[in-house]
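The values are calculated or read from the model by the stated rules, or taken from the named source; none is laboratory data. Every value quoted in this text rests on a predicted model; they were computed, and no experiment measured them. Here Cβ is always computed from backbone atoms with ideal geometry, including for glycine, and neighbour counts include all displayed protein chains. Just the protein is used for accessible areas: all its heavy atoms, side chains included, with ligands, DNA and RNA removed. Shrake-Rupley method; radii C 1.70, N 1.55, O 1.52, S 1.80 Å.
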Amino acid sequence: MSMSQCWCVGLVGSYGSLARFRSISRLLRVNDETVIAASGDYADFQFVKELIEQKVLDDELLVDSHSYSPSSVFSWLTRVLYYRRTRMNPLWNTYLVAGVHEGESFLGQVDLLGVAYESPTLATGYGAYMAQPLLRDAYEKNPAMSGDEAKTLLESCLRVLFYRDARSLNKFEIATVTPDGVTIDQPRAVETSWDIGKMVKGYD
Amino acid sequence: MMQRGFSFDLCGRNALLEEKGMKPPKTVKTGTTIAGLVYKDGIVLGADTRATEDTIVADKNCSKIHYLAPNIYCCGAGTAADTENVTMMISSQIELHRLNTGRKARVGMACRLLKQFLFRYQGYISAALVLGGVDITGPHLYSVYPHGSTDTLPYVTMGSGSLAAMAVFESNYRPDMEEEEAKMLVRNAIAAGIFNDLGSGTNVDLCVITADKTDYLRPFDEANVKGERQGDYKYRRGTTAVLREDVRIPYEVTEERVREVAGAESMET
């Protein structure tokens with residue numbers, strides 16, 4: 001039975017309430033098996049990105065047909081984040097690590113405190129309040145959903161988040177990891193409907 | 001003349017006591033997920049049933065859908081005492097108005113009374129309400145905030161579980177839904193709050209209001225039924241053998257009195 005992961009990230013880098021950078025990627029393809037997504041401080045993400053990219057390079061130089069599995073990357077990231085927390089100098093991020101290794105899929109979340117856990121569904125920021133209930137309900141009803149069903153579900157979550165998170169933009173990327181590898185789709189927008197505006201007149 | 005509004009005279013003394021280490025009494029809050037929507041024939045209101053005192057569940061099955069008028073109901077989130085009393089007060093004012101005018105109450109009236117009252121207390125009365133009803137002018141749905149602002153929308157949610165419930169509404173709401181579909185959507189929105197928000201829990205209560213009827217469905221969905229106990233510690237009768245029965249109740253005759261019952265017919269032998 002082949003398993004895969006599917007997930008999405010918005011493309012905005014904010015400076016408080018200013019949408020300063022509207023086309024930056026918060027996804028990192030580690031290798032053919034693993035993808036990382038980050039939220040929080042972008043500079044800290046860039047730092048971690050460079051660390052990981054160097055590690056992957058050094059690993060490839062060994063030419064031993066072994067690459068870091070998603071759970072190893074997750075474990076490493078957890079240790080680094082917790083270490084920084086103990087030194088009271090955290091990397092102010094929340095990471096999602098996902099991938100497929102030897103047919104088994106993996107999905108985990110680590111944050112700036114070093115709190116780490118795995119779950120069939122995960123969401124950070126406002127997603128934890130709005131997307132997670134939708135994801136959990138859909139996963140409960142259909143634990144073996146297909147890649148397309150997962151993508152549709154994620155898009156509907158993103159639509160809700162764009163409606164209700166005042167610091168979001170309608171622009172995102174979706175990454176899918178299957179036993180065949182990693183695909184990161186082109187940046188896209190979701191269709192939105194503002195029709196209820198016609199039903200509203202005044203406030204009392 | 002009686003002074004109106006809150007008296008802030010004791011605030012200084014309370015602040016001093018708190019500095020010295022006195023802990024103020026915890027309020028009972030309705031953690032809450034409440035929601036309402038407009039469908040084809042009227043309004044569906046929904047609420048969870050958990051009342052919390054900080055991190056303890058004070059009431060597992062409280063009622064958060066309050067009566068204002070036969071055709072107007074109000075869900076309340078925030079401090080339980082505030083929501084309960086505000087709705088009772090406004091309900092009484094509406095009843096008097098109804099009796100005076102001989103007409104069905106209007107939802108817009110309830111909205112005005114609530115917002116004017118809450119604004120006067122500048123947000124100190126922590127009542128966040130979802131007000132809905134059907135009157136002669138049609139269905140109306142409002143959300144009323146503690147500081148006294150109101151919004152009128154086809155679907156609203158309030159309370160700590162409002163984000164979870166709103167996520168469900170934003171994904172699935174359509175104008176002019178049928179009654180069963182509308183009820184299930186509100187049920188699902190409240191369930192999202194119950195299962196994903198710690199301040200909400202237990203059952204889903206619904207209230208369906210149309211021009212002709214009002215259905216107060218409590219509970220609509222018992223989503224958290226306590227497991228049935230499998231074991232039984234009760235000993236069955238006969239477990240202990242009875243060797244001898246000796247009933248002895250000591251009593252003393254203090255007085256003997258014969259009274260004729262008035263209107264009683266003599267017995268036929």
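Here are the numbers:
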item	result
Surface accessible to a 1.4 Å probe, B:Cys62 within the full protein complex, Å²	20
Relative contact order of chain B, pairs being alpha-carbon contacts under 8 Å that are 6 or more residues apart, as %	22
About the Cα centre, charge dipole magnitude for the protein assembly as shown (Lys/Arg +1, Asp/Glu -1 at Cβ), debye	1680
Accessible area (Å², 1.4 Å probe, nearest 10) - A:Tyr163	50
Listed residues A:Pro143, A:Pro120, A:Pro70, most fluctuating in chain A (Gaussian network, C-alpha, under 10 Å)	A:Pro143
Averaged over B:193-200, number of beta-carbon atoms from partner chains that fall within 10 Å	2
Under 30 Å from B:Lys20, Cα to Cα: lysines that are on another chain or at least 8 residues apart	B:Lys29
Probe 1.4 Å, accessible area per residue of the protein assembly as shown, Å²	61
Computed [θ] at 222 nm, deg cm²/dmol, the protein assembly as shown (DSSP H ≥ 4; -39,500 (n - 2.57); rounded to nearest 500)	-10000 deg cm²/dmol
Where A meets B: accessible area buried, both sides, 1.4 Å probe, Å²	1600
Förster radius 30 Å - calculated FRET efficiency between B:Ile56 and A:Leu51, Cβ distance, rounded to 0.05	0.10
Listed residues A:Arg22, A:Arg87, A:Arg159, most fluctuating in chain A (Gaussian network, C-alpha, under 10 Å)	A:Arg87
Label-point separation in nm, B:Ala81 to A:Ala128, each point 7 Å along Cα→Cβ	3.2
At least 50 Å² of accessible area lost relative to the chain alone, listed for the stretch A:170-203 with a 1.4 Å probe	A:Ile196, A:Met199, A:Tyr203
Helix runs (DSSP H) in chain A reaching 27 Å along axis by Cα, Kyte-Doolittle at least -1.0	A:42-61
Exposure ranking of B:Leu118, B:Leu217 by accessible area [1.4 Å probe, largest first]	B:Leu217, B:Leu118
Farthest positive-ward along the stretch A:1-118 dipole, Cα basis, beta-carbon charges - from A:Ser75, A:Tyr42, A:Leu96	A:Tyr42
From phi via Karplus (6.51, -1.76, 1.60), per-residue ³J(HN,Hα) for the stretch B:63-74 in Hz, x at Gly/Pro	9, 9, 9, 9, 7, 10, 7, x, 10, 9, 10, 9
Theoretical gain in end-to-end length, B:Val247 to B:Ile136 [0.36 nm per residue, Cα-Cα removed]	32.8 nm
Residue among B:Leu243, B:Leu114, B:Leu163 with the largest mean-square fluctuation in a Gaussian network model of chain B, springs linking Cα atoms under 10 Å	B:Leu243
Per-residue mean of C-beta atoms belonging to partner chains within 10 Å, peptide A:127-136	6
Peptides ranked, highest mean first, by Cβ atoms within 10 Å: ranges B:94-102, B:205-213, B:250-258	B:205-213, B:94-102, B:250-258
Residues B:Glu179 and A:Tyr117, FRET efficiency given R0 of 56 Å [Cβ-Cβ distance, rounded to 0.05]	0.85
Test item: Cα-centred dipole of the stretch B:146-269, Lys/Arg +1 and Asp/Glu -1 on Cβ, debye	700
For A:Arg22, distant residues with modelled amide H under 5 Å away	A:Gly13
Convex hull of Cα atoms in the stretch B:116-207, direction-averaged projection (nm²)	6.8
FRET E, pair A:Tyr83, A:Lys141, Förster distance 51 Å, beta-carbon r, rounded to 0.05	0.80
Entries of B:Lys60/B:Lys183; A:Lys198/B:Lys213; B:Lys23/B:Lys226; A:Lys141/B:Lys226 with Cα pairs more than 25 Å apart	A:Lys198/B:Lys213; B:Lys23/B:Lys226
